[in-house]
Each structure stands twice: as structure tokens, then as C-alpha cells.
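Accompanying notes for the structure given below.
The values are calculated or read from the model by the stated rules, or taken from the named source; none is laboratory data. The structure presented is a predicted model; accordingly, all values stated were derived computationally and were not measured. Backbone-built Cβ (ideal geometry, glycine too); neighbour counts: all protein chains shown. We work out accessible area using only protein heavy atoms, side chains counted, and drop any ligands, DNA or RNA first. Shrake-Rupley method; radii C 1.70, N 1.55, O 1.52, S 1.80 Å.
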Amino acid sequence: MQPTQEVAATLRLAVNVINERGRTVGVFERAVTGPVCMVGAIRVAAHGDACTDDDVSEAAIEAVSARIDSPIVYRDPIERIAEWHDRPERTDDEVVAQLRRIADELDPCAAWQVAA
């Protein structure tokens, strides 16, 4: 699997994590197997732990950070994602849609195969 495909697959799994566990704001994870934020979901999808990173979760977090609309301009991808994700008006559907959109950008062939 190519690196972008692995990141895309991780983002698609993160959607499943949010759908199964629920979404929270302000923390990576409310409780073990409890609701997670976007970063926590990516980490769980990558390697099972919402509070730590590995190479895949770091790459996925970087990919999301580069593709969201955040006023934070310094290069802290987690802060950029948190600013976008934790806005009071942000919905679960928007978070899931954003993860899917970015996954599709990174690996459009997989999206087509799933849709077919």
C-alpha cells in the first residue's frame, strides 16, 4: 500500500471510529472506548491509542491539517485541527464529511471502488 493510500484508509477508519464511539470536543478521548475528537479518531484508526502518535497517525494528521480551513497559521497540525473541530457550530456530520473528502482526495480510486 502506498503512503497516501494508507493515510486515506486510516481516515476512512477514523470515520468508523467516530460513528461507533461518538464524537467529543476538547479532549482526544472521553474514556477508553468512549467518544473521541477528530485527532483521537485518527490515532485510534492508525494504531488503537487516541493519545499517542505513530508514523501513520502523524501523516494522517498532517494531511488533514493541510486541508482544513483554520485561521491558525503556525505549523502545529493538532492545534489547527482542534481549532476547526472544536468550533461550537461544528457538527458530527461535518467532521465525518471532511475526513471522507480528504481520504477521497488522497486515494480517489479507492473511493470509486467503494461507490461502485
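Given the condition more than 13 Å from the chain's Cα centre (by Cα), open to solvent by less than 70 Å² (accessible area, probe 1.4 Å) and of a type in the set (A, V, I, L, M), answer yes or no: does some residue in region 31-52 qualify? Yes, region 31-52 has at least one match. Summed over region 5-30, the residues that are touching a Ser or Thr at 6+ places or on another chain (Cβ under 8 Å), open to solvent by 40 Å² or more (accessible area, probe 1.4 Å) and in a helix (DSSP H, G or I) give a count of 1. If you go through region 80-116 and keep only what is modelled with pLDDT of 95 or more and open to solvent by 80 Å² or more (accessible area, probe 1.4 Å), you end up with PRO88, GLU89, ASP93, ARG100, ARG101.
Got a number for residues in region 29-53 being free of Cβ contacts under 8 Å to residues at least 60 places away in the same chain and within 16 Å of GLN98 (Cβ to Cβ)?
We begin by selecting, within region 29-53, every residue free of Cβ contacts under 8 Å to residues at least 60 places away in the same chain; these are 29-37, 39-53.
Among the residues that remain, those that are also within 16 Å of GLN98 (Cβ to Cβ) are: 36-37, 39-42, 45.
Of the residues in region 29-53, 7 are free of Cβ contacts under 8 Å to residues at least 60 places away in the same chain and within 16 Å of GLN98 (Cβ to Cβ).
Residues satisfying the criterion are absent from region 65-81 (criterion: over 12 Å from the mean Cα position of the chain (by Cα) and touching a residue at least 60 places away in the same chain (Cβ under 8 Å)).
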